[in-house]
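Novice: Before I ask anything, here is the structure I am working with.
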Amino acid sequence: MEIDFSQIVPSIPFILQGIGITLAFALVSAIIGLVLGSILAIFKISKVSALKWFANIYTSIFRGTPLILQLVIIYFAVPQLFQYDIPKFLAGVIAFGLNSGAYISEIIRAGIQAVDKGQQEAAEALAIPYRPMMKDIILPQAIKNILPALMNEFITLTKESAIVSVIGLMDIMRRAQIVGANTFRYFEPLLIAGFVYWVLVTCLTVLGGFLERRLRRSE
């Protein structure tokens, strides 16, 4: 077994340039997933059966099919169906955002249902409309309870963002693959990419723990 990083060292800055793209991609996808997941969660606890049906079918489809399949459908099918050459970044965040929304909706739904029912009963007794009640009373308490799960979803998005390398987005993984193709040495650049992802995930885990402790102290 021969391992030699000497040929890869000059390409390390090129690989590291993918960190910004990876984090931006994960952040935008998480925002889309959070907004969509919040809407779907409200649909799921709604008394309107059509909304519950739509949210449940949506979640079933996006949780029941591979993320990479959703990605390639959006990237390759959109030009065919709509004659629009969708950018790689946009295709990626749409696919990841839609997929993440399905998972986040379940997290938020569980968080909402975990809030003491007395809170909603008190709001209804005070004649507070449903939307303000959810926005100002129920959701803020639910977010506190589900922050660790939401942070874990963001960490998962950061790791799984490597999938977008299949459509050529110049993230960490794609850059490592390019270095491997140019040097005919794949183990070393992929090992470096793995180390970078590990550092990112470790930092995000520490940040999540810090936020969780801050929320506990504020209670």
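Novice: Only one of Glu124, Glu106 is within 24 Å of Asn152 (Cα to Cα) and of a type in the set (D, E, K, R). Can you tell me which? Before the answer, list the steps.
Specialist: Values: Glu124 fails: within 24 Å of Asn152 (Cα to Cα).
The conditions single out Glu106.
Novice: Another question about this same structure. Being touching a residue at least 24 places away in the same chain (Cβ under 8 Å) and more than 21 Å from Ala41 (Cα to Cα) is the filter here, so list the residues in the range 65-76 that pass it. Spell out the reasoning first.
Specialist: The first filter runs over the range 65-76 and keeps only residues touching a residue at least 24 places away in the same chain (Cβ under 8 Å), leaving 67-68, 70-72, 75.
Ile68, Gln70, Leu71, Val72, Tyr75 - these are the residues of the range 65-76 that are touching a residue at least 24 places away in the same chain (Cβ under 8 Å) and more than 21 Å from Ala41 (Cα to Cα).
Novice: Go through the range 120-140 and report how many residues are surrounded by 15 or more Cβ atoms within 10 Å (Cβ to Cβ) and not β-branched (Val, Ile, Thr). Reasoning before the result, please.
Specialist: Within the range 120-140, the subset surrounded by 15 or more Cβ atoms within 10 Å (Cβ to Cβ) is 120, 123, 128, 133-134, 137-139.
Now drop any that are not not β-branched (Val, Ile, Thr), which leaves 120, 123, 133-134, 139.
Qualifying residue count, the range 120-140: 5.
Novice: Something else: Could we say that Leu69 is surrounded by fewer than 13 Cβ atoms within 10 Å (Cβ to Cβ) and farther than 21 Å from Ile163 by Cβ here? Steps first, please.
Specialist: Working: surrounded by fewer than 13 Cβ atoms within 10 Å (Cβ to Cβ): yes; farther than 21 Å from Ile163 by Cβ: no.
Judged against the criteria, Leu69 is not a match.
Novice: Considering only the range 95-112, I want to know if a residue exists there that is hydrophobic (A, V, I, L, M, F, W, C), touching a residue at least 24 places away in the same chain (Cβ under 8 Å) and either more than 20 Å from Leu150 (Cβ to Cβ) or touching a His at 6+ places or on another chain (Cβ under 9 Å) (or both). So that I can check it myself, show each step before the final result.
Specialist: At the first step, the residues of the range 95-112 found to be hydrophobic (A, V, I, L, M, F, W, C) are 95-96, 98, 102, 104, 107-108, 110, 112.
Adding the requirement that they be touching a residue at least 24 places away in the same chain (Cβ under 8 Å) leaves 95-96, 98, 102, 104, 107-108, 110, 112.
From what's left, either more than 20 Å from Leu150 (Cβ to Cβ) or touching a His at 6+ places or on another chain (Cβ under 9 Å) (or both): none.
Within the range 95-112, none of the residues are hydrophobic (A, V, I, L, M, F, W, C), touching a residue at least 24 places away in the same chain (Cβ under 8 Å) and either more than 20 Å from Leu150 (Cβ to Cβ) or touching a His at 6+ places or on another chain (Cβ under 9 Å) (or both).
Novice: Here's something else I'd like to know. Take Ala55 and tell me if it is exposed (fewer than 12 other Cβ atoms within 10 Å of the Cβ), part of a helix (DSSP H, G or I) and more than 17 Å from the chain's Cα centre (by Cα). Steps first, please.
Specialist: Values: exposed (fewer than 12 other Cβ atoms within 10 Å of the Cβ): no; part of a helix (DSSP H, G or I): yes; more than 17 Å from the chain's Cα centre (by Cα): yes.
Judged against the criteria, Ala55 is not a match.
Novice: Moving on to the next point. Looking at the range 30-39, can you tell me whether even one residue there is closer than 29 Å to Pro189 by Cα, touching a residue at least 40 places away in the same chain (Cβ under 8 Å) and surrounded by fewer than 20 Cβ atoms within 10 Å (Cβ to Cβ)?
Specialist: No, there is no match, as no residue in the range 30-39 is closer than 29 Å to Pro189 by Cα, touching a residue at least 40 places away in the same chain (Cβ under 8 Å) and surrounded by fewer than 20 Cβ atoms within 10 Å (Cβ to Cβ).
Novice: Give all pairs with beta carbons closer than 9 Å in which a residue from the range 77-94 that is more than 17 Å from Ile21 (Cα to Cα) meets a residue that is outside any helix (DSSP H, G or I) and not acidic (Asp, Glu); count only pairs at least 6 apart in sequence or on separate chains.
Specialist: Val78/Tyr84; Val78/Ile86; Pro79/Ile86
Novice: List the pairs whose first member sits in the range 2-15 and is closer than 13 Å to Tyr186 by Cα, whose second member is of a type in the set (Lys, Arg) and assigned to a loop (DSSP other than H, G, I, E, B), and whose Cβ atoms are under 8 Å apart, counting only residues at least 6 apart or on separate chains?
Specialist: That search, which allows pairs on different chains as well, returns Asp4/Arg185; Gln7/Arg185; Ile8/Arg185.
Novice: When the residues of the range 160-219 are filtered to those that are among the aromatic types (Phe, Trp, Tyr) and not in a helix (DSSP H, G or I), which remaining residue is surrounded by the most Cβ atoms within 10 Å (Cβ to Cβ)? Let's see the steps before the verdict.
Specialist: As a first pass, look at the range 160-219 and keep what is among the aromatic types (Phe, Trp, Tyr): 184, 186-187, 195, 197-198, 210.
With not in a helix (DSSP H, G or I) added as a condition, the list becomes 184, 186.
Values: Phe184: 7, Tyr186: 13.
The residue in question is Tyr186.
Novice: Taking the stated definitions as given, is Ser46 loosely packed, with under 13 Cβ neighbours inside 10 Å, free of Cβ contacts under 8 Å to residues at least 60 places away in the same chain and under 28 Å from Val115 (Cα atoms)?
Specialist: Values: loosely packed, with under 13 Cβ neighbours inside 10 Å: no; free of Cβ contacts under 8 Å to residues at least 60 places away in the same chain: yes; under 28 Å from Val115 (Cα atoms): yes.
In short, no.
Novice: Return yes or no: is Ile146 outside any helix (DSSP H, G or I), β-branched (Val, Ile, Thr), under 30 Å from Lys44 (Cβ atoms) and out of contact with any Phe, Trp or Tyr (no Cβ under 8 Å at 6 or more places or on another chain)?
Specialist: Details: outside any helix (DSSP H, G or I): no; β-branched (Val, Ile, Thr): yes; under 30 Å from Lys44 (Cβ atoms): yes; out of contact with any Phe, Trp or Tyr (no Cβ under 8 Å at 6 or more places or on another chain): yes.
For Ile146, the condition - outside any helix (DSSP H, G or I), β-branched (Val, Ile, Thr), under 30 Å from Lys44 (Cβ atoms) and out of contact with any Phe, Trp or Tyr (no Cβ under 8 Å at 6 or more places or on another chain) - is not met.
Novice: Conditions first: (1) aromatic (Phe, Trp, Tyr); (2) modelled with pLDDT of 90 or more; (3) farther than 15 Å from Thr22 by Cβ. Phe195 passes all but one, so which condition is the exception?
Specialist: All conditions are met except number (3).
Novice: Of the numbered conditions (1) touching a helix residue (DSSP H, G or I) at 6+ places or on another chain (Cβ under 8 Å); (2) without any contact (Cβ under 8 Å) to a residue 60 or more places away in the chain; (3) under 30 Å from Arg216 (Cα atoms), Ser165 fails exactly one; give the number of that condition.
Specialist: Here Ser165 meets the rest and fails (3).
Novice: Show me the helices (runs of 4 or more DSSP H) entirely contained within the range 58-138 in which 1 or more residues are farther than 21 Å from Ile39 by Cα and at pLDDT 90 or above.
Specialist: 67-82, 88-114
The values are calculated or read from the model by the stated rules, or taken from the named source; none is laboratory data. What you are looking at is a predicted structure, and each value in this text was computed from that prediction instead of being measured. Every residue, glycine among them, receives a Cβ derived from its backbone with ideal geometry; neighbour counts consider all protein chains shown.
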